[in-house]
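Notes to accompany the following structure.
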Amino acid sequence: MKVRAPSAPENIETERLRLRPFAPDLSDIEAMLLVLEDPFSMRFYSRPFDRDGTRAWIEKQLERYRTDGFGLYAIEDRATGEVLGDCGPTIQHVDDEPFVELGWHVRPDRQSQGIATEAGAACRDHCFATMGVERLISLVRPENVPSWRVARRLGFRPWRGTVRGGMAHIVWTLRSEEV
């Protein structure tokens, strides 16, 4: 896995969205609680996160920025500045092999508005063009049809299965030359 990571994550903007690093002062916790503690949004995880779990989630991204040069971004609505969720690349291991995974979460009241697809496309393009990533994956639970749809819209295709945290996942894949 070859990656040309920037020294720090860069903001990415689309027509409607700004993807930015999480704030080091952890001021994004309240906004991310709307996603991560929501039972519906987190139904494909082992459980929703509480405040401490959400703090740890954001702190993990801050650590990824330091060690990897990238991690999940906070998704902001450019018009309102509201945080709508997260999206971005992280290093994930599948059967002991490291890959750059593209993941996304959008708060329940803004789902089904194309936000995950718009943010995902911007991050996908950034990974291929700026970071030199040759292959992206996305880990999706078999029953998570909404994330299947996003992955397909982004050009991913099912590649293989794996088990993570005792739960089955489909590994979706996309190579840079397929975009």
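No lab work stands behind these numbers, since they all come straight from the coordinates. Computed from a predicted model, the values in this text were never measured in an experiment. Every residue, glycine among them, receives a Cβ derived from its backbone with ideal geometry; neighbour counts consider all protein chains shown.
Some points to look at:
- Translational diffusion of the chain was estimated from the Stokes-Einstein equation, with Rh taken as the Kirkwood radius over Cα pairs; at 37 °C and 0.692 mPa s the coefficient is 202 µm²/s.
- Applying a length cut-off of 18 Å (Cα extent along the axis) and a mean Kyte-Doolittle floor of -0.5 to the DSSP H helices of the chain leaves 115-129.
- Sorted on the mean count of surrounding Cβ atoms within 10 Å across their residues, most packed first, peptides 115-125, 51-61 read 115-125, 51-61.
- Legend: calculated FRET efficiency, Val179 to Arg55, from the Cβ-Cβ distance at R0 = 45 Å, rounded to 0.05, equals 0.80.
- Amide H to amide H distances under 5 Å link Ala23 with Asp28, where only residues 5 or more positions off or on other chains count and H is placed in the peptide plane.
- Computed over the stretch 7-146: relative contact order in percent, which uses C-alpha pairs under 8 Å that are six or more apart: 24 percent
- Shape category assigned to the stretch 79-173 from the gyration tensor of Cα positions, a/c cut at 1.5: oblate
- Amide H contacts of Tyr73 (H built 1.01 Å from N, in plane; Pro and chain starts excluded): Cys87, Gly88 sit under 5 Å, all sequence-distant by 5 or more or on other chains.
- Each listed q (0.28 Å⁻¹) maps to a log10 I(q)/I(0) for the stretch 1-66 from the Debye sum over equal C-alpha point scatterers, namely -1.15.
- Mean residue ellipticity (222 nm) of the chain, computed from DSSP H runs ≥ 4 via -39,500 (n - 2.57), nearest 500: -9000 deg cm²/dmol
- Positive-end extreme of charge dipole, the chain - chosen from Leu34, Gly161, His126 (charges on Cβ): Gly161
- The alpha carbon centroids of the stretch 25-61 and the stretch 98-177 are separated by 19 Å.
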